[in-house]
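Just so it is clear, none of the values below were taken in a lab; they were calculated from the coordinates. Computed from a predicted structure; not experimentally measured. Please note: Cβ atoms are built from the backbone with ideal geometry, for glycine as well, and neighbour counts cover all protein chains shown.
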Amino acid sequence: MLRTQVAIIGAGPSGLLLSQLLHRNGIESIVIERQAPEYVEARIRAGLLEWGTVDLLNEAGVGDRMMREGLVHDGFELAFDGRSHRIDLKGLTGQHVMVYGQTEIQKDLADARAAVQGQTLWEARDVVIEEFDGPRAKVSCVYDGKPLTIACDFVAGCDGYHGASRASVPKDRIVLHERIYPFGWMGILADVPPVSEELIYAHHSRGFALCSMRSKSRSRYYVQCPLDDTVESWPDARFWDELRARLPPHYASLVTEGPSIERSIAPLRSFVAEPMRFGRLFLVGDAAHIVPPTGAKGLNLAGADVRVLYRAIVEYYRAGSETLLDEYSSRALGRVWKATRFSWWFTTLMHKLSSDSFTHKLQLAELDYLRESRAASQAVAENYVGLRFAAP
Ligand code: APR
Ligand code: PHB
């Protein structure tokens, strides 16, 4: 039997960031991950950080490369009806966001964990969390072909939507809220300069499109597609044609084509599990909530959970107080629901929802209103840069 203060299930961004912040505060943890490190590091996901997340990564001591290589964006573009409207994040909120891929964050976190020789059990199978209502929790798994038990004070369930942590909670103690959207995002990564210096979210009668980037020479583009589409039905030539067709003519003429280096289709889902704490077990990040990618809140919400939880755990070991631990679920969920609302609203505004002309006209009216009203644009900007954290 192994013993540690905090057992962290999952070595995604939530798990590794939590382990690093705990380590810097003298608290030991063991990370238990189902996959091999190469698999975890290769996953490609969103790439937009709120400044609160940037600050947290710096606080964890993993922000050096991000501060050197990340791109600071002061605004983004909403395109519709052949026109575009810039949301001036800096002018409207005094803040900005950072473009830096999650794949890079994952690498930086893995390097930091290796540098402090943090213990990670890779390829651990059959993880089950037990006795989380008792004085100690237990995590059991099969590691290196043998059964292994880890006794701990707390378990952080950072194992994503399909993980073992939420599955260990009896059904009558958890409430699940879910919305599945009837479309997906077909995304490509290509080593071509981005069409614009800022992100462009385009609403079009053919469907939504997003122009994003990973650097000044690497673009990330998405187009809305039917849920049952396959990557094979999107050869590069079709993708570039469709992207151009959905952008205002000026931007369409600036698209530089190139071979895709990654292609994937992601479904869109909103999901929240409540509460986020069960005795000694805390759900963190995608294990507790999923947002559709419109607005890129997924990683930022995970960071916000980690921030609340690590401070609560630090206070417990420093001062013996459980107050912040008791507040974890309600604090985290307050932010989660607001981001869930924003991601749902932004998704609903920008996508082709049906062939019904009434819905389409309402979307155009709302976009037009955003263009005319500083107050409406400010509400979007405030959510996009990330809502303030309540103290502490
Ligand atoms: N046992 C151990 N590990 C597991 C198990 C399990 N049963 N199930 C899943 N895992 C691991 C996964 O292999 C993965 O490495 O947990 C990790 C979960 O990582 P993510 O899914 O990236 O979740 P999280 O760390 O919360 O990331 C949150 O990243 O991409 C955004 O939308 C995502 O952006 C979210 C944010
Ligand atoms: C991305 O770059 O992958 C990205 C950026 C912004 C979003 C979603 C995804 O809203």
By the Kirkwood definition, with r running over pairs of different Cα atoms, the stretch 296-358 has a hydrodynamic radius in Å of 13.8
Listed by chain and number, the residues whose amide H is under 5 Å from that of ARG214, excluding neighbours fewer than 5 places away on the same chain and using placed H, are SER219, ARG220
With x for Gly and Pro, the residue-by-residue ³J(HN,Hα) of the stretch 183-200, computed from phi through the Karplus equation 6.51 cos²θ - 1.76 cosθ + 1.60 at θ = phi - 60° and given in whole Hz, is 7, x, 10, 8, x, 10, 10, 8, 7, 9, x, x, 5, 8, 6, 10, 6, 10
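Take every Cα pair under 8 Å in the stretch 86-196 that's 6+ residues apart, average their separations, divide by the length, and report that relative contact order as a whole percent. Write out the running numbers ahead of the final one.
Working: 77 pairs, mean separation 15.3, N = 111.
Here the relative contact order equals 14 percent.
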With the charge dipole of the stretch 147-237 built from beta-carbon charges (+1 for Lys and Arg, -1 for Asp and Glu) about the Cα centre, the Cα from PHE154, TYR181, VAL231 projecting farthest to the positive end belongs to PHE154
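Using Cα pairs under 8 angstrom and six or more residues apart, how large is the relative contact order of the stretch 27-171, in percent? Intermediate values should be presented prior to the final figure.
Working: 190 pairs, mean separation 34.9, N = 145.
Taking the mean separation of contacting Cα pairs over the length of the stretch 27-171, I get 24 percent.
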Once the in-chain neighbours fewer than 8 apart are removed, the lysines whose Cα is under 18 Å from LYS138 read LYS146
The size of the Cβ-based charge dipole (Lys, Arg +1; Asp, Glu -1) of the stretch 161-263 about the Cα centre, to the nearest 20 debye, is 360
In whole Hz, the Karplus estimates of ³J(HN,Hα) for the stretch 258-265 (6.51, -1.76, 1.60; θ = phi - 60°; x where Gly or Pro) are x, x, 6, 9, 7, 9, 7, 10
Magnitude of the Cβ-charge dipole (Lys and Arg +1, Asp and Glu -1) of the chain about the Cα centre, nearest 20 debye, reported as 400
Here the Cα Rg-to-2.2 N^0.38 Å ratio for the stretch 320-392 is 1.53
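Answer rounded, prolate or oblate for the chain, using the Cα gyration tensor with square roots of eigenvalues a ≥ b ≥ c: rounded when a/c is under 1.5, else prolate when a/b is larger than b/c, else oblate.
Prolate, because a/c is 1.5 or more and a/b exceeds b/c.
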Given backbone amide H placed at 1.01 Å from N, residues whose amide H is under 5 Å from that of TRP185, ignoring those fewer than 5 places away on the same chain, are CYS225, ALA266
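Any of LYS297/LYS352; LYS90/LYS216; LYS90/LYS297; LYS216/LYS297; LYS216/LYS352 with alpha carbons more than 27 Å apart? Name them for me.
On the way: LYS297/LYS352 21 Å; LYS90/LYS216 21 Å; LYS90/LYS297 19 Å; LYS216/LYS297 22 Å; LYS216/LYS352 29 Å.
Where the Cα-Cα span goes over 27 Å, the pairs concerned are LYS216/LYS352.
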